[in-house]
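Single-structure report; data block below.
Every number in this text was worked out from the coordinates using simple rules, so none of it is lab data. As the structure is a computational prediction, the values presented were derived from the model and not from experiment. Neighbour counts run over all protein chains shown; Cβ positions are idealised from the backbone, glycine included.
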Amino acid sequence: MIKRIKPGQRFCGAVVVNGVVTTAGVTGAGADTVAQTRDILAQIDALLAEAGTSKAKLISASIWLRDIAHFGQMNTVWDEWVDKDNLPVRATVEARLAAPELLVEIQVTALV
């Protein structure tokens, strides 16, 4: 069985299948990298909760930054949020995002 969370016009916010939840790339509101990262991680918490899991069960994360110079700013927020006893694998890259105001995009996969 596949559970689709927050389906939209082109994609779902998350999909749960065979005990694994994968989110779409999540973007956030805010004027800077810190604010956007906080908003994104709050949205991810909500998606994981709706899937019946939490950040303690993360297995992977992919992070895209408009400017890799903001790596430290994003990490400051990430380090406050992530479960230090259950760290996922993670990749972070610089990328051109879908709109100029977007500074960060994060996608995660977790066990349910």
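Explain nothing, just the number: dipole magnitude of the chain about its Cα centre with +1 on each Lys and Arg Cβ and -1 on each Asp and Glu Cβ, in debye rounded to the nearest 20. Display every interim value, and only then the final one.
On the way: 11 positive and 12 negative charges, 101 e Å.
Its charge dipole is roughly 480 debye.
Which GluC sites (Glu not before Pro) in the stretch 3-112 pass both tests, a DSSP loop state and at most 16 other beta-carbon atoms within 10 Å? Don't skip to the end; give the middle numbers.
Numbers: sites: E50, E80, E94, E101, E105; in loops: E101.
Sites meeting the loop and neighbour criteria: E101.
Toward the positive end of the charge dipole of the chain, about the Cα centre and with charges on Cβ (Lys, Arg +1; Asp, Glu -1), which of V17, S60, L103 goes farthest?
V17
What do you get for Rg/Rh of the chain when both radii come from the Cα atoms and Rh is the Kirkwood radius?
Details: Rg = 13.4 Å, Rh = 14.1 Å.
Value, to two decimals: 0.95.
Within 10 Å, Cβ to Cβ, of L103, how many net charges do the neighbouring residues add up to if Lys/Arg are +1 and Asp/Glu are -1?
Working: positive: R66; negative: D32, D67, E101, E105.
Once all neighbours under 10 Å are counted, the net charge is -3.
For N18, what charge total do you get from the other residues with a beta carbon under 15 Å from its beta carbon, if Lys and Arg give +1 and Asp and Glu give -1? Walk me through the numbers on the way to the answer.
Working: positive: K3, R4, K57; negative: none.
For residues surrounding N18, the net value is +3.
When the helix-only estimate is applied to the chain (DSSP H runs of n ≥ 4, each -39,500 (n - 2.57), divided by the residue count), what is the mean residue ellipticity at 222 nm, nearest 500 deg cm²/dmol? Working shown, then result.
Working: 2 runs with 30 residues, N = 112.
Estimated from H runs of four or more residues: -9000 deg cm²/dmol.
If one takes the longest principal axis of the Cα atoms in the chain, at what angle in degrees, from 0 to 90 and to the nearest 10, does the Cα axis of helix 33-51 lie?
0
I need the chymotrypsin sites (Phe, Trp or Tyr not before Pro) found in the stretch 1-97, filtered to DSSP loop residues with at most 14 other beta carbons within 10 Å of theirs.
Working: sites: F11, W64, F71, W78, W81; in loops: F11.
In loop regions of the stretch 1-97 (DSSP not H, G, I, E or B), the sparsely surrounded chymotrypsin sites (Phe, Trp or Tyr not before Pro) are F11.
Between 0 and 90 degrees, rounded to the nearest ten: what's the tilt of helix 71-81 against the longest Cα principal axis of the chain?
So the helix axis and the longest Cα principal axis differ by about 40 degrees.
Extending each Cα 7 Å along its Cβ direction at A91 and F71, get the distance between those two points in nm, one decimal.
For the pair A91/F71, the computed spacing is 1.6 nm.
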